[in-house]
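The values are calculated or read from the model by the stated rules, or taken from the named source; none is laboratory data. Predicted model, so just to flag it, every value in this text is computed and none were measured. As a convention, Cβ positions derive from the backbone with ideal geometry for all residues, glycine included, and neighbour counts pool all protein chains shown.
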Amino acid sequence: MLKLIIKIIRLKGFGELDLEILRKAIEGGNVEEAESKLEEVGINKYENAVPLLIEYFKSTDNHRLRNSIAITLSDIGSKKAINPIIEMLNDPKTLGYRGTLLYALKPFDCSAHLETLVYHLLTGNFEVQANSYQLIEENIKSDITDEVLLKCILKIKKELDEIERQQDILTDALEMLFSVKEI
């Protein structure tokens with residue numbers, strides 16, 4: 001009986017009044033109230049809130065709010081969230097705040113975005129690299145074209161070659177510094 005009630009509530013969705021409360025909390029900068037409503041939306045998987053969430057996800061400059069919205073979109077599981085999350089992941093205003101955005105992609109097949117994931121694997125901070133790696137490992141589920149796969153392999157190979165070159169220079173510099181005291 002409880003499952004039936006939950007199903008009816010989900011079908012009914014997040015009410016217009018609730019959407020308006022969420023909208024006012026976001027627009028008014030009341031992050032705590034917005035996060036409370038976002039948690040409710042995510043737990044109950046209210047699909048009808050997705051368009052509003054995507055709108056504010058893309059427009060807000062508040063990193064905390066953007067991350068909360070990303071997690072809510074992830075919890076809902078709507079495929080409509082994938083492209084906006086990828087867009088924001090590549091937006092300069094999210095630099096330093098991308099780990100949560102990558103984490104929000106966990107429920108989705110990220111095959112179409114392999115090049116983006118590889119880019120962030122190579123250029124991101126530790127959290128971004130770890131999340132990118134995990135998405136590549138676990139969320140590439142459909143076929144990747146040979147061309148895209150080759151591009152990604154070559155980018156990683158080039159980065160490994162650069163790391164090896166840097167390691168050689170740093171090893172030589174270290175040996176030189178140790179030898180300064182031997183003179």
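Output the residue which, of all residues in segment 28-57 that are more than 15 Å from Leu73 (Cα to Cα) and modelled with pLDDT under 90, is farthest from the chain's Cα centre (by Cα). By that ranking, first place goes to Gly28.
Remark: Ile169 matches the filter, which requires a residue to be in a helix (DSSP H, G or I), over 14 Å from the mean Cα position of the chain (by Cα) and of a type outside the set (Asp, Glu). For segment 125-145, a residue qualifies if it is in a helix (DSSP H, G or I) and surrounded by 12 or more Cβ atoms within 10 Å (Cβ to Cβ), and the qualifying residues are Glu127, Val128, Gln129, Ala130, Asn131, Ser132, Tyr133, Gln134, Leu135, Ile136. Residue pairs whose Cβ atoms lie under 7 Å apart, sitting 6 or more positions apart in sequence or on different chains, and linking a residue in segment 82-109 that is assigned by TED's automatic domain parsing to the domain that holds Arg64 and under 14 Å from Thr123 (Cα atoms) to a partner that is assigned to a loop (DSSP other than H, G, I, E, B) and of a type in the set (Gly, Ala, Ser), are Arg98/Gly124. Checking each residue in segment 78-93 for being crowded, with 17+ Cβ neighbours inside 10 Å and within 13 Å of the chain's Cα centre (by Cα) picks out Ala81, Ile82, Pro84, Ile85, Ile86, Met88, Leu89.
Here Asp75 fulfils each of the conditions (1) crowded, with 22+ Cβ neighbours inside 10 Å; (2) farther than 16 Å from Ser132 by Cα; (3) not basic (Lys, Arg) apart from (1).
The condition (being among the hydroxyl-bearing types (Ser, Thr, Tyr), in contact (Cβ under 8 Å) with a residue 12 or more places away in the chain and over 30 Å from Ser36 (Cβ atoms)) is satisfied by just one residue among Ser68, Ser78, Ser132, Ser74: Ser132. Pick out the one residue from Thr94, Thr123 that is touching a Leu at 6+ places or on another chain (Cβ under 8 Å) and hydroxyl-bearing (Ser, Thr, Tyr). Answer to the check: Thr94.
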